[in-house]
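See below for the structure under consideration.
The values are calculated or read from the model by the stated rules, or taken from the named source; none is laboratory data. All figures in this text were calculated on a predicted structure; none of them were measured in a lab. Virtual Cβ from ideal backbone geometry, glycine too; neighbours counted across all protein chains shown. These accessible areas exclude ligands, DNA and RNA; they are computed on the full protein's heavy atoms, side chains included. Shrake-Rupley method; radii C 1.70, N 1.55, O 1.52, S 1.80 Å.
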Amino acid sequence: VNDPVLQGALRVAGALPGLTERWSKAPRQVLARLHVLAAREVVPEGELGRPVADPVVGARLDALAGLVAGGTTVSPLVLAAVVHGELLALRPFAGPSPVVARGAARLVLMSTGFDPRGLLAVDVGHHEREPEYVGAAGAFATGTPDGLRSWLRHYATAVEIGVDQLTAIGDEILAAT
C-alpha cells in the first residue's frame, strides 16, 4: 500500500481496539491520536493531532466530546452517526478528516457495545452508497432537521449493509464447518 491516506486509514483501523476504553473518558485526546495515525506523511508534523485554530470548531468539538463522554442518552447508532456527521462537517483537522470521522464513529459503536469487536464494515455501506453518503453528509452540515434526517437514514442503511455482510460471512463460515 503506497497511498498515504490509505496507509493512515489502516493505521486507524488497527488502533481502534486499543482506543476503545479511553474514547468515552478522553474523546478529544483520542481524536488527536486518530489524526496523528491518519495524517502521518500527509500533513506537516507540527499539525499532527492539532485541531484547526478556529474558536467555532473548538466549541463544537467540546460539545461533541461532552456527548461522547456521557452527555446524552441517545442510542449508540444515533450517537455514532452524529459523531461521524459532525466531524465531516467541521473538518477539525488538516488532511484526511474523513478518516478521523469514520474512526471516531466506529469507536462509538465499539465502546458502547453495539459492535464491541469492531466487526461491522460500516464503511462498505458508505462506499456502496457513495453519492448518497456525500449528499447526506452535506445535508447534515446544513444543521436543518431534514439534513439530520437524511444523514441518519443514510447512516442506518450503511450499518444495515455492514450487518448483512457480517451475517453472510458468518453463514459461509458455519456452512463450511
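Work out, step by step, the length gained on full extension between ALA59 and VAL78: first 0.36 nm times the residue separation, then minus their alpha carbon distance; give nm to one decimal. Walk me through the intermediate numbers first.
Values: separation 19, 0.36 × 19 = 6.84 nm, distance 2.08 nm.
Stretched out fully, the ALA59 to VAL78 stretch lengthens by 4.8 nm.
For a label point 7 angstrom out from the Cα of GLU172 toward its Cβ, which stretches of the range 87-110 have the backbone nitrogen within less than 14 Å?
none
In sequence order, what are the phi-derived ³J(HN,Hα) couplings for the range 131-138 according to the Karplus relation 6.51 cos²θ - 1.76 cosθ + 1.60 with θ = phi - 60°, rounded to whole Hz, with x for glycine and proline?
x, 5, 4, 5, x, 5, 5, x
Does the range 92-177 come out rounded, prolate or oblate by the C-alpha gyration tensor, with a ≥ b ≥ c the root eigenvalues, rounded set by a/c under 1.5 and, if not, prolate when a/b is larger than b/c and oblate if not? Intermediate results must be reported in sequence, preceding the final value.
Working: a/c = 2.26, a/b = 1.76, b/c = 1.29.
Prolate, because a/c is 1.5 or more and a/b exceeds b/c.
Highest mean first, what order results for 43-54, 150-161 on Cβ atoms within 10 Å? The partial results should precede the final answer.
Working: 43-54: 13.9, 150-161: 19.8.
Going from most to least packed, we get 150-161, 43-54.
How large is the accessible surface per residue of the range 1-62, computed with a 1.4 Å probe and reported in Å² as a whole number?
Working: 3560 Å² over 62 residues.
Result: 57 Å² per residue.
Output ³J(HN,Hα) for the range 87-103: one whole-Hz value per residue in order, computed from phi by the Karplus curve 6.51 cos²θ - 1.76 cosθ + 1.60 with θ = phi - 60°, and x for Gly and Pro.
5, 5, 5, 6, 6, x, 10, 5, x, x, 4, x, 5, 5, 4, 5, x
With a/c under 1.5 counting as rounded, go ahead and sort the range 6-103 into rounded, prolate or oblate using the C-alpha gyration tensor (a ≥ b ≥ c being the square roots of the eigenvalues; past the cut-off, prolate if a/b is larger than b/c, else oblate).
Values: a/c = 1.80, a/b = 1.30, b/c = 1.39.
It is oblate, given that a/c is not under 1.5 and a/b is not larger than b/c.
Given the peptides 98-104, 25-31, 3-9, 88-94, arrange them by the average over their residues of other C-beta atoms within 10 Å, most packed first.
Ranked from most to least packed, the peptides come out as 98-104, 88-94, 25-31, 3-9.
Can you pull the percent of the range 1-71's accessible area that's carbon plus sulfur, 1.4 Å probe, other chains left in place? Don't skip to the end; give the middle numbers.
Values: 2200 of 3930 Å².
In the range 1-71, the share of accessible area belonging to carbon and sulfur is 56 percent.
How much area per residue is accessible in the range 65-140 when the probe is 1.4 Å and only protein heavy atoms are counted (Å²)? Each step should come with its number before you reach the end.
Numbers: 3050 Å² over 76 residues.
Per-residue value: 40 Å².
What's the extension gain from LEU119 to ALA94 if we count 0.36 nm per residue and subtract their Cα-Cα distance?
Details: separation 25, 0.36 × 25 = 9.00 nm, distance 2.81 nm.
My answer for the length gained is 6.2 nm.
Just checking my list (i) 173; (ii) 162; (iii) 122 against volume of the Cα convex hull per residue in Å³ computed from this structure; which label fits?
It is the value labelled (iii).
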